[in-house]
Structure formats: C-alpha cells, structure tokens
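Inspection log for the structure reproduced underneath, given as structure tokens.
Coordinate-derived values only; no laboratory data. Quick caveat: nothing in here was measured; it's all calculated off a predicted structure. Cβ sites come from the backbone with ideal geometry, for glycine too, and all protein chains shown count toward neighbours.
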Amino acid sequence: DRAKFAEQMDKLTAPDAEEKRWAELEPTFNEKKAEVQMQMPMMIGFGRGMLATTIEQNAELSVEQKAQSVAALDAFAGWAQTANFMDADLAKKSIAIVCATARELDVKTLDAAHALDFDQALAKGDIAFAGLKKLLDVYGFSMNQTFESVKAETVTQTGDDAKVKVNFSLLGKPLDYEADMVHYEGRWYGKEVLSELQKNAQGGEIADGAERDRKSVV
C-alpha cells in the first residue's frame, strides 16, 4: 500500500504529470468512447434502479426520507445522462484539476498522511474538497449552487430540542428534508451526529478533536 500510494502521488505531482496521464489514458479513451457513449444510458438506468430498490428496502428510512432520497437519486441520474464524460477536452481539464489538487495536498507518502494531526487533516480535506468541486464543475454539477440554495426553518422547538426543515436545490430539482436538532453548549447540532460524538468520546464528553470540528457538524 505504501509503495502504491507513493507511486501514484509521484505520477500525479510530477512537472509533466498532466501530459503523461493523458498520454496513458488517450488510447483507451478513444477506443472505448463510442462504446461507452452507447452504453451509458443503460448503465445509468440500471444503477439508478438498483439504488432506488436499496433505498426502498431500507427499514431505517421513513416514507418521507425514502421519497426524498429517490428524488435526489433521480436528480443525479438526470445530470449523469446529460454530462459529457467522454469529451476529450473535459477529460484533460479533469486530469489537470486532479494533478493540481495532488500537488497542493503535498502528501507524498502514506506515512505522512497517517502522521497528520486533526487540524492538518482538516486543512488537507478542504483542499481535496475544493478539488472535487472543481472536478464536478467541469461536468456541469455546481456544488456551490446547491450550497447557496440551502434555506432552513424551524418547524417545532421544545427547550433544547428542535425539528428543522431544510430546503435546497440539487441540480435544478427542489428538495427538502427534516432534521432533529439539539442545542448544546451554545450551538445547534444534528441529534444523531452529536449522539455519535458523545458516544465515541471518553467520559461522555466531546473529545478535543470533535470539539474543534463542531463548527462543521450542522
């Protein structure tokens, strides 16, 4: 694993990484392009059907949660049907984003990755997430538009417990869901998330790492 990780990072961060990675991919890309374009609608439809069945059979989801999950799945499937994954220029842009992100991460070995402390890992995670957003933007999926569309309203509140309805737009499709929230030490948290943090923390208190991360919990 260490050798594979180091090899991949070397390949992605080399000065000529973009050109070499495309040179490796181009023959297969051109050979499979027509086949993939022809089969893509069927593959997306099949995948959508399998995931929808999995959602419907999930006993932990309510009827409303199942409906919202399927609606989100349909939004993704609709986007995937129109995204031009086999466009050579877009593929080159994607490779450039991946290589640039790998260089910015500046983690050459698996040991170096494991040695990151909590704050360092968060910073690296921010870099990786920014790279993912850029990659999806190339194919017409703007995560920023989804984030900017989020609106929350309180449905009910009793003391430190509240139910909040969240509305947002995913790939042009309006969606909403309800979340149970808990007020803890001056902030609101998702009830399940806070419960897991407390369960995993020593003595029932939020561990230092989780405490530093609490701004991103909700």
Loop-located chymotrypsin sites (Phe, Trp or Tyr not before Pro) in segment 1-76 whose Cβ has at most 13 other Cβ within 10 Å (DSSP): none
Dimensionless Rg/Rh of segment 1-48 - Kirkwood Rh, Rg from C-alpha atoms: 1.18
Principal axis box of the chain, alpha-carbon based, largest edge first, Å: 62, 42, 30
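Mind checking the full-extension length gain between E7 and E64? Use 0.36 nm per residue of separation minus the Cα-Cα distance, one decimal, nm.
Result: 15.9 nm gained on full extension.
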Dipole of the chain, positive end: most advanced residue of H183, W79, G125 [Cβ charges, Cα centre]: W79
Paramagnetic reach from A115 (point 7 Å along Cα→Cβ, amide N under 18 Å) across segment 5-35: 5-7, 9-10
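Would you mind computing the Rg to Rh ratio of segment 148-196 from its alpha-carbon coordinates, Kirkwood style for Rh? The partial results should precede the final answer.
Values: Rg = 12.1 Å, Rh = 11.6 Å.
Result: Rg/Rh = 1.04.
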Principal axis box of segment 81-201, alpha-carbon based, largest edge first, Å: 55, 41, 19
Modelled label reach - K151, point 7 Å along Cα→Cβ, segment 161-180 residues with backbone N closer than 18 Å: 164-179
Unit Cα scatterers, Debye sum, segment 48-142: log10 I(q)/I(0) for q = 0.11, 0.18, 0.22 Å⁻¹: -0.54, -0.92, -0.98
Calculated Rg and Dmax of segment 100-147 using C-alpha coordinates, Å: 12.7, 36
